Structures are given as C-alpha cells and as structure tokens.
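Step one of this worksheet: look at the structure below.
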Amino acid sequence: MSDAREVTADRDEGAPAGRPANPASSDAELMRQELDAVIASPDFARAPIMKRLLSFLVGETAAGRGDQLKAYSVAVDGLGRAPDYDARADSYPRVQVGRLRRMLDNHYRSNQPVNGLRLTVPSGRYRVALQPAEEPAGPDEAAASPALPQRPFQFGWHIAILLVLVGLAVALTLHLLPMRTTPPNAGRERPVLEIGGTAMAQDGPLGKLVRVTLINGLGRSDMFDVRPLRRSSAPGTPATAAAPAPPAMPQARYRLGGDLIGGEHPRLFLRLMRLAPDRLIWSGDISLGDASRLNGEMLEQRLAPMIATIGRVNGLIATHELQENGGIEAAGYSCLLLYHRYRKERTAEELRHVQACVEKSLKRDPDNAQLQAAAAQLAIEKMVSSDTDPRDRPALLLTAQRHAHIAGSIDPLDAWGNAARARVAVARNACAQATGFAIRASELQPYDPALLADAGVYLLDCDDPRAEAMIRRAIALDDDPEGRFYGPLLLLAIARDDAAIAREALAHMAPPVMGRHGVFFLTSAVGYAMVGDVARARAAWTQLEEGSGQVARDPRGFLERMGYAAKVRERALTHLRNARLITG
C-alpha cells in the first residue's frame, strides 16, 4: 500500500525534487514539532479528547504504524474506550476523527504551521499526513491584478442610475434562473489526467517501465482519460515543461508526476495535482523492492494499490470531481459518479436521484455502455427489492437483460458492462455465462476493488473456486478502514462453512456509516452464529430487527432476492436456527 505523505514544500539541498533527505525521520520530526504547536493552541487546550486523539495518531504514524491503525485501537488507545469496545457496532472512532479533521481545518485558518507543513488526516484513513499549508496572497498575485487607471474616474449621476439598473437586472436574473456553481460542461465529460514529470521522462529502463505501468493501469479507469504529458519543443524550454494542448484537445484537469530514486532499493515519489489553479491533492511514497529482482510483474504488484487509490470509481479523482461539481448536472459523467457513490453507500434517497439521472442520461446518450450497465444493475436491484411486487420481477429481469446486452454490444471491452452481464446471468441461473463475464470483467479492470468484489460474489454464486482470489484482491486494493469488501469474504466463509475465514472477516468488518445495514447485520449475525459467538449473533440480530425489520421477518426471502447461491442461503438459515434467532 502506498505511504501517502503530502510533503512537497521544504527539502534539503541536494535532495530529489519534492523530497527531503532522509524522508522518514524528517517527516516524523516535523509531525512531532507541529503536534506540539497544535495541542498548545487554545482550541485544542479546551478539547482534551481531541488533544489525546491527535497525539495518539501522530505518535503511531511517526513510529511507522499509521497504516496499521484500526477502529479498535483508535477507540481504545486513542480515545480511552474500554477494552471490550465493539468496533463493528459503534462508529465512535470515525465520528471523532471527522471532528478532529474539522478542528484541524479551523486551527489552520488562523494559524500558520511551524515549518510550512500542516497536519491532516486523509479521508478514509486514521494515519496522519503532512501537506503544504495554503499561503495568503503574496506580492506576485497582487502585482498580477489590473493596474489602476492613470486618470481619476468621474462618477456622475447617469453612471449611478446605470449601475442601479444593471444591479436590478442581475438580481432578477439570479432569482429567475437556477444558480450554477460549475461551468456549463462540468460534470458531463470525463476529466483528463496527464502522466508525466521528472521521473516519468527518464530514459533509463526502470523509468520507462514505471511510466508504461502507470499509463496501462490508470488508462483502464472509467473515471478519467489518460494521456502522456506533452512536452514543449520551443528552444530553451525546460524538458519538464508542458506544452499547451491544441485547441481540439481538451485541457488536462489533473497531472500525475514525481521522482524515481534509483539504487539497490528504488523508491517512487508521486504527486497528483489539480490543475488551473495548480493544487496538490495527494502524494505517495512507494518502495519498489530489490532492484536486482524487479521485473514487470513485480512492479505492477507494487504499483497496483496506488493505481487503485487514484483510479477506482470511489477513488481520489472521482471523489474530487464529486466535491467540485456535487452532481449539479446529474447527467452523463456526473451521473455515473453519483451511481457509484450510491452503490457504495446504498441510501434510499440517493437511489431515487440516481435512477432519475440514469434514465435522463440514457435519453441524451443511449450509446453510453457504462450508463447502460448502470441501468441493468439498477433494474436487478429493483427486482430483488422487498417493495417490488413479485409479479413485476420477470419484466424487470428482462429490462436488466436488455440494458446489459446493449452495453455489451456498444463496447464489449467495457468492464462494468461485462459485470452487469454477469449479474444478469446469475439471476437467470446461467452460471456458465456468469463466470465467463465475471472473469472477463476482472481482466479488463484489475485495479478497482468494487468491480473485483462484485465479480467475486458472482463467482461465489456459481460455486467457482476462483471467487476467493478475486475477493482477496479487492481487499488488498482497498484503503477504506470500514472493511467494505470483507462482507463478500464472510459470504464465502458461510458458503464453505469455514470458521477461520469467518473470524477473519468479522474481525475487519465495521458497520457502514450509511446504507447497507440490512445486509451487514444479517450476515454478521450468521457469521457470529457460525463461529459459536451466540451473544454477538443476538446483538447483531437485534440491530437488524431495529433497523431492517422486514429483512429480519423474512431472511430467506431477502437472501433469495439478493441472488445468493442456494448453498449460502441454506447454510445461513441453518446457523440462524442453531442460534435460535429464527424458528422457521
């Protein structure tokens, strides 16, 4: 997993660009210095819990254990909860870390960091990172503003009347028209990511291999288009300067660059920038291992988590795009962003919005394979919903099959289109087709854990032995502390009646912040019953009854509607009966 360390500002003389000499020790020392300044501030002095939490997170990160932080250790060691704290039933650590992020942002609005690098807790993680503080406007920016007129301006009565009329017209326009906070085409087209920078331009074999691996991996993403950084050919222009894109070529919105440090154990330092205005949004530090043994396959394994972090459907760029346009357009690309967020969070409110925007987008662009795949998945989800009349389910399956077939006809190489066809095939009990489409989807997009987890479940439904490897790759590429993809691993444990795998999955799962509660608490109850922990099985069942009563009243029907394999359904019900959670 890449060690994200958002440090690019200060560096020692002679060190590689963007990195200080001896980065690990210097980063740790900078964190400790900044921690002392932050916890001494009035806001943190009045918040002992936040003070303790930040000190704990900085200490663990500085000691090199930041990526191993879990909700349990944060709650018990960082927040003082009792040792019997249950991370699966209580979101206390995530809530408090969210509060800590807000307190840090408020602190740095009025306080400059000691060394120009502020503390931050990246979203979805518990470790601390350093990133450059935002600087106030300097003299260069002031100099760039328009110069004052050389002759005094005469403000007459006729100008005053004109300004009043213009103001009224503007106010009326704003009142009658919906406010837009994005350009007209924002959210409708995928952004462009340029790959380049100092390390990417090296002529050495390793630099070229890194560049090719990044372009190949990130080029598979559905969240952006990739192109190499164009170089200026003008005499005297530095080799790393980017040439302006031709008028017909869209301007890049993001750029990935960095430095490759050679030697026996080479390291790659990457920086992801949001362009115009330029702003660092992520940096990563990746060890490439033993140079004497490094080959293309090993390099791909090293870079895969970073590729997933940037390019997945809920990754850095997708999340940043959602933050910038917020789904205001709700059409085309932005609709797909909302669709994938819904598939992660599963909220009923967003489902209605997503269904409407997918339908509207397909009317505008019926040849979009990804939108057709989304429509197929939404039709399946409506089919399995407990609110759907059973008489309507055959028609919904036909609708899903039609959209999935259209997606495959438009673009047979679209990974999500193949995944949709796999799910439709599972619903039709056509396992030979389902396994073929699931494997093809994973080969087309091997860097998105959401797609890989879906494909693993489809293989599990068809009792294919490749399901576990697929699900475990999804887990390995995931960087969300919620443990979202351990849910499919628990289903696999139930299907195999494997208590060891069930314990592993239960130890890493955490209740979702929103959505998916029914599936989570039902499978958790089954898992705990399976490993003999009846008390926790009953606790999970109680939460299921309180939050998803209809699922608790008819677990068999719910499992059937979800499309789980018959073996999974029967074993799950057996464990629930053995724990006396159900009687039928």
In vacuo Debye sum over C-alpha of the range 260-367, base-10 log of normalised intensity I(q)/I(0) at q = 0.12, 0.14, 0.20, 0.23 Å⁻¹, listed in q order, is -0.59, -0.72, -1.01, -1.17
So Glu300 and Ala40, fully extended at 0.36 nm per residue minus their Cα-Cα distance, gain in nm 89.2 nm
Trypsin sites (Lys or Arg not before Pro) in the range 372-451 lying in a DSSP loop, each with at most 14 other Cβ atoms within 10 Å of its Cβ, come to Arg428
Once both label points are put 7 Å beyond Cα along the C-beta direction, the Asn429-Ala395 separation in nm becomes 2.4 nm
Filtered hits (lysines, Cα-Cα < 27 Å from Lys51, offset >= 8 within chain) -> Lys70
Between the modelled labels at Lys208 and Asp497 (7 Å from Cα along Cα→Cβ) the distance in nm is 5.7 nm
For Lys567, the lysines lying under 29 Å Cα to Cα, once residues fewer than eight places off in the same chain are dropped, come out as Lys344, Lys382
Looks like the range 480-584, by Cα gyration tensor root eigenvalues a ≥ b ≥ c and the a/c under 1.5 rounded cutoff (else prolate when a/b is bigger than b/c, oblate otherwise), is rounded
Stokes-Einstein, Kirkwood over Cα pairs, the range 444-538, 37 °C, 0.692 mPa s; D in µm²/s equals 246 µm²/s
Candidate cut points under trypsin sites (Lys or Arg not before Pro) in the range 452-513, DSSP loop plus at most 16 other Cβ atoms within 10 Å of their own Cβ, are Arg466
The computed P(r) of the range 356-411 puts the percent of Cα pairs beyond 12 Å at 62 percent
Placing each pseudo-label 7 Å from Cα in the direction of the beta carbon, Arg553 and Ala63 end up separated by a distance in nanometres of 5.1 nm
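Throughout, read-outs are computed from the coordinates displayed, never taken from laboratory work. Fair warning: this is a prediction, and the values are worked out from it, not measured in the lab. Reconstructed Cβ throughout: ideal geometry from the backbone, glycine too, with neighbour counts over all protein chains shown.
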